[in-house]
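Here the structure is laid out as structure tokens; the discussion comes afterwards.
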Amino acid sequence: MTDGYAAMGRTMSRFGGNTFAWFTRNPRGGRTKPVIPEDVEALITHVKNEGFGPLVAHGSYTMNLCSAKAETRANGLDMLAQDLARMELLPGNLYNFHPGAHTGQGVEAGITQIAEALNQVLTPDMHTTVLLETMAGKGSEIGSTFEELREIMDRVTCSEKLGVCFDTCHTWDAGYDVVNDLDGVLQHFDDVIGLSKLKAVHFNDTKNERGSHKDRHEKLGQGFLGMEAMRRIAQHPALAGLPFILETPNEDEGYIEEIRTVRSWMNDGK
Ligand code: FE
Ligand code: FE
Ligand code: ZN
């Protein structure tokens with residue numbers, strides 16, 4: 001969503017949800033709109049009154065902390081620093097971003113640059129948890145294996161400010177079998193990263209076969225994951241209580257319907 005802060009909260013209540021995501025700036029880059037303090041305060045009040053869970057901001061797709069181009073890396077670091085400063089207006093929430101694409105430098109160099117950037121902006125006194133998103137592995141994307149995410153986290157000093165956002169479309173596209181072996185995938189996540197680091201779920205079906213490294217989201221139940229697997233994910237005890245964010249290709253009516261479905265699954269699972 002890209003409206004004012006308070007308007008996003010009201011819209012989500014109308015849709016029947018109790019968390020939401022928004023792009024901190026135009027997803028394809030560009031400037032941020034000025035923040036109106038009363039608008040942020042109104043959202044904070046709304047979130048409290050309506051009993052929302054943590055909100056999950058999304059960094060710009062153009063932010064690449066490990067581009068081969070120094071200028072792109074520097075711009076990415078600027079965006080990240082500005083976004084995190086702004087997140088302090090909404091303390092206690094989550095900020096998710098795509099770790100980056102190494103654009104030919106190699107995974108090792110990319111991981112080093114991402115960790116260096118995070119080391120410049122994460123501080124012990126900040127009030128936001130920054131999430132690395134599990135990626136599909138399109139092009140030279142970093143973060144399509146749990147091991148790569150762990151490697152980044154290991155090199156970050158304030159790693160207590162870091163977590164992971166599990167994107168169901170991306171993990172499948174990356175090759176993890178969340179349909180036939182959800183327990184095994186989550187066990188592997190626990191072994192490599194630790195489930196305590198899992199802070200949010202991007203809940204999407206996918207248009208592509210497992211291991212395709214494509215990253216194209218589908219409506220719930222209409223892709224390769226299918227309704228049954230989506231239900232098992234929503235009801236998995238390891239994911240209970242986490243914010244589930246829909247990034248499915250829908251209009252308002254479609255989201256309202258999907259939110260209703262996901263909430264009924266979660267209530268059944270209790
Ligand atoms: Fe994302
Ligand atoms: Fe995602
Ligand atoms: Zn995606």
Filter pass, residue 50 being closer than 25 Å to residue 244 by Cα and exposed (fewer than 15 other Cβ atoms within 10 Å of the Cβ): yes
Could you pull out the residue among 190, 177 that is more than 19 Å from residue 220 (Cβ to Cβ), more than 14 Å from ligand 3 (Cβ to nearest atom) and out of contact with any Pro (no Cβ under 8 Å at 6 or more places or on another chain)? 190
Is it fair to say residue 84 is within 27 Å of residue 37 (Cβ to Cβ), more than 16 Å from ligand 2 (Cβ to nearest atom) and part of a loop (DSSP other than H, G, I, E, B)? no
Please go through the stretch 216-236 and give me each residue that is in contact (Cβ under 8 Å) with a residue 12 or more places away in the chain and away from ligand 3 (no atom under 16 Å from the Cβ), ordered by number. 221, 226, 229, 231, 232, 234, 235, 236
Between 56, 47, which is out of contact with any helix residue (DSSP H, G or I) (no Cβ under 8 Å at 6 or more places or on another chain) and aliphatic (A, V, I, L, M)? 56
Using the structure shown, decide if residue 114 is more than 16 Å from ligand 3 (Cβ to nearest atom), open to solvent by less than 20 Å² (accessible area, probe 1.4 Å) and in contact with a strand residue (DSSP E or B) (Cβ under 6 Å, 6 or more places away or on another chain). yes
Search the stretch 188-228 for residues being open to solvent by 20 Å² or more (accessible area, probe 1.4 Å) and acidic (Asp, Glu), and hand back the single one that is nearest to ligand 1 (Cβ to nearest atom). 215
Out of curiosity, is residue 146 open to solvent by less than 20 Å² (accessible area, probe 1.4 Å) and either away from ligand 1 (no atom under 16 Å from the Cβ) or polar (S, T, N, Q) (or both)? yes
The stretch 170-182, subset among the charged types (D, E, K, R) and touching a residue at least 24 places away in the same chain (Cβ under 8 Å), residue least open to solvent (accessible area, probe 1.4 Å): 173
Looking at (1) at pLDDT below 95; (2) part of a helix (DSSP H, G or I), which is the one condition that is false for residue 31? (2)
Can you tell me which residue in the stretch 149-177 is nearest to ligand 1 (Cβ to nearest atom), limited to those that are touching a Lys or Arg at 6+ places or on another chain (Cβ under 7 Å) and in a helix (DSSP H, G or I)? 173
For the stretch 229-258, enumerate the residues that are open to solvent by 40 Å² or more (accessible area, probe 1.4 Å), in a helix (DSSP H, G or I) and farther than 20 Å from residue 172 by Cα. 252, 253, 255, 257
For the stretch 42-65, how many residues meet the condition of being within 16 Å of ligand 1 (Cβ to nearest atom) and among the hydrophobic types (A, V, I, L, M, F, W, C)? 5
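The values are calculated or read from the model by the stated rules, or taken from the named source; none is laboratory data. This structure is a prediction, so every number in the text was calculated from the model and none was measured. So basically every Cβ, Gly included, is an ideal-geometry build from the backbone, and we count neighbours across all protein chains shown. All accessible areas refer to the heavy atoms of the entire protein, side chains included, with ligands and DNA or RNA removed. Shrake-Rupley method; radii C 1.70, N 1.55, O 1.52, S 1.80 Å.
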